[in-house]
1. Among the residues of the range B:6-28, are any within 13 Å of another protein chain (Cβ to nearest Cβ) and either of a type outside the set (A, V, I, L, M) or buried (at least 21 other Cβ atoms within 10 Å of the Cβ) (or both)?
2. I need the helices (runs of 4 or more DSSP H) fully contained in the range B:38-152, keeping only those with at least 3 residues that are away from chain A (no Cβ under 13 Å) and surrounded by fewer than 21 Cβ atoms within 10 Å (Cβ to Cβ).
3. What number of residues in the range A:20-38 are among the small types (Gly, Ala, Ser) and surrounded by 12 or more Cβ atoms within 10 Å (Cβ to Cβ)?
4. So which of A:207, A:179 is under 30 Å from residue B:101 (Cα atoms), modelled with pLDDT under 85 and surrounded by fewer than 17 Cβ atoms within 10 Å (Cβ to Cβ)?
5. Look through the range A:13-32, keep the residues that are more than 8 Å from chain B (Cβ to nearest Cβ) and part of a helix (DSSP H, G or I), and return whichever of them is nearest to residue A:160 (Cα to Cα).
6. Would the range A:217-234 turn up any residue that is acidic (Asp, Glu) and touching a strand residue (DSSP E or B) at 6+ places or on another chain (Cβ under 9 Å)?
7. Based on this model, can you work out whether residue A:225 counts as surrounded by 17 or more Cβ atoms within 10 Å (Cβ to Cβ) and free of Cβ contacts under 8 Å to residues at least 24 places away in the same chain?
8. Residue under question is residue A:185, and the condition is that it be surrounded by fewer than 18 Cβ atoms within 10 Å (Cβ to Cβ) and more than 25 Å from residue A:107 (Cα to Cα); does it hold?
Amino acid sequence: MENPDRNPWRRFLALPNESRSKTLIMAFLVSAVCAVLVSTATVYLRPIQAANRAAEEQARIAALVRGVPGMSTLLEESGGTLSTVVVDLETGRAATDVTGETLEAALADAANWTAIDPADDLAGLGQRPDYAQVYLLRDGEEISLILLPVAGQGYNGRIEAILALRGDMNTIAGIAITSHSETPGLGGRIDEAAWQAGWPGKETRDSEGTIRFSVARGAASSVYEVDGITGATRTSNAMTKIMRFWLGPEGYGPLIGAIRRGEF
Amino acid sequence: MAQRSTFWSTLTEPLVRQNPVTLQILGICSALAVTTSLATALTMSASLTAVLTLAAGLISVIRNHIPGTIRLIVQIVIIASLVIVIDQILQAYFAEISRALSVYVGLITTNCLVLGRTEAYATHNPPGRSMVDALGNGLGYSLVLLVIGGVRELFGKGELMGQQVLPLVEQGGWFTPLSLMLLPPAAFFLLGLLVWAIRTVQPEQAEAPEHSPPLAREGEE
């Protein structure tokens, strides 16, 4: 080369393919371009996906309520809608300064999250929000159904679900899994209606108030158990832990207590 | 004119004569998994064709500058990025179908059909031809998926694209759905019959037997 090219880009392209610097630079360039592509697509499409998920969650809540015997008539009587309430998990009362509209903003603030002591952190969450939006159905003054969003660590990732409790705050009225990433065909079967059909009518606490609910290993043998999923012990255990955490004192325990005492 | 005819043959060869699924038996895992209905088969076909065509184009553009030592990983990175983008688009605009396809869109990354075409063709040919070849192979894959998906949905549910075509017995018609069609083995049976039919019409596709009986054959994939 008598006249070496001054342009670094052309000099780079003219390098032999097997040279170490070209290999490294090509690897870096390809990764960088791909990273930009993927990030752009994800960031740009996230709002639309979030809207889809919200719509899906609403549909699941509607299906969950429809699946509870006698609920559809009650819904019609009460005007056809559930009321939503933001509760303060610490006190178990309706939150005074946070509403459904401002909930998202409040949860973006780290001050509104509480770290969970590892010994109490059954569901593997690490921290939980101080506020949660629950759905209530009232029959006159009495609460006849409450829908509680719950979440926790599953086998492959976060499991999110909505638990429906009857007015006694003890009998399960139903469960809906809103998102999970468990293994399809094994743990992924928590999504199936056939498995969820085993939940309604089960009880969460015994007469002394101790939480007894669990997902059994194998078939359910008591009123506190639902059938386990064969081949998905970790997912089944995760469901047990999620339920125990959220029904317990760190979760909705204070709220459930307040409702039982008729203070809500 | 000659240019156009080679383009045309590059595009149409993989449809039946060189079909990647029925001749090369590539990419059958997803072909079997997503064909319970025509709508999912169609979405999967479109996704794979888009990924394959774009990946072939991109790889062909940089083919003279891909170092041999990291050739495969560069191709996989490009394919995987395109798959993620397509998956995100499906989740945003076709949420319902995206859920039905679950992990299989992500698995396009590991579909040997895609890497096979980019490695065997796009790394040796200019972008235009590579994309035509990729499109042809994508359409060949789509053709098989649509045939199997259509048959399974029609005989498994009496529907096509969710529309009732054959009147069901439960609704006063004459058709009893074959639930076997919706189970995974049916896809194997149909694919086997399809391969048999194509090789009967085009005997040159049949492979010479590798062994003669009574030698026991090792299990193959």
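The values are calculated or read from the model by the stated rules, or taken from the named source; none is laboratory data. This structure is a prediction, so every number in the text was calculated from the model and none was measured. Glycine gets a Cβ as well: all are built from the backbone with ideal geometry, and neighbour counts include every protein chain shown.
1. no
2. Passing ranges, in order: B:38-61, B:112-117.
3. So the answer is 3.
4. Only one candidate passes the filter, namely A:179.
5. Checking each candidate, the answer is A:32.
6. Keep residues of the range A:217-234 that are acidic (Asp, Glu), which gives A:225, A:227.
Now narrow it down to the ones that are touching a strand residue (DSSP E or B) at 6+ places or on another chain (Cβ under 9 Å): A:225, A:227.
Checked against the condition, which is being acidic (Asp, Glu) and touching a strand residue (DSSP E or B) at 6+ places or on another chain (Cβ under 9 Å), the range A:217-234 yields at least one hit.
7. Details: surrounded by 17 or more Cβ atoms within 10 Å (Cβ to Cβ): yes; free of Cβ contacts under 8 Å to residues at least 24 places away in the same chain: yes.
Yes; evaluated as a whole, the condition is true for this residue.
8. Numbers: surrounded by fewer than 18 Cβ atoms within 10 Å (Cβ to Cβ): yes; more than 25 Å from residue A:107 (Cα to Cα): yes.
Yes; evaluated as a whole, the condition is true for this residue.
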